[in-house]
Amino acid sequence: MAKEVKVLITDPVGLYATPVTELVDTVKIFNCHVHLFYNEKEVNMKSMMGVLSLGIPSKAHIIIKADGVDEDSAISAIEEKIKSTGIGDIL
């Protein structure tokens, strides 16, 4: 069963290259599929260009879903990375 986390982007610049790089690097180590949903669009979260293509601004609500054998670990790692970078709040 897929796991998900809802996030409110709080960084004043939005989701820009530096935190996206950190998030992508975080999820690349997992075997599960990880997708980011914003504004009725879905991208593979293991693709930096895919995530940046969404142009996610400050105060945006996003959903990150993981589906696969290590989905729990992936979601936990994503939540920790979001907290440590200060780019958003877990909802």
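FYI, it's all coordinate maths here, none of it is from the lab. Worth saying up front: this structure is predicted, and the values here are computed from it rather than measured. Neighbour counts run over all protein chains shown; Cβ positions are idealised from the backbone, glycine included.
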Using alpha carbons only, how many degrees (0 to 90, rounded to 10) separate the axis of helix 17-28 from the longest principal axis of the chain?
10 degrees
Farthest towards the positive end of the dipole of segment 9-91, among A77, I56, V24 and with Cβ unit charges of +1 on Lys and Arg and -1 on Asp and Glu, lies the Cα of I56
Can you give me the Cα centroid spacing of segment 1-32 and segment 59-86 in angstrom?
6 Å
Rg/Rg_ref, the chain, where Rg_ref = 2.2 N^0.38 Å and atoms are Cα
0.95
Name the GluC sites (Glu not before Pro) in segment 1-65 that are in a loop by DSSP and that have at most 16 other C-beta atoms within 10 Å, would you?
E40
Check: the chain dipole with +1 on Lys, Arg Cβ and -1 on Asp, Glu Cβ, in debye:
200 debye
Extension gain from K28 to E4, taking 0.36 nm per residue of separation minus the Cα-Cα distance:
7.0 nm
Around E22: net Lys/Arg minus Asp/Glu count, Cβ-Cβ under 15 Å
0
Taking 0.36 nm per intervening residue step and subtracting the Cα-Cα distance, what contour gain separates H61 from K41 on full extension?
6.0 nm
Residues F37, F30, sorted so that the one with the fewest Cβ neighbours within 10 Å comes first
F37, F30
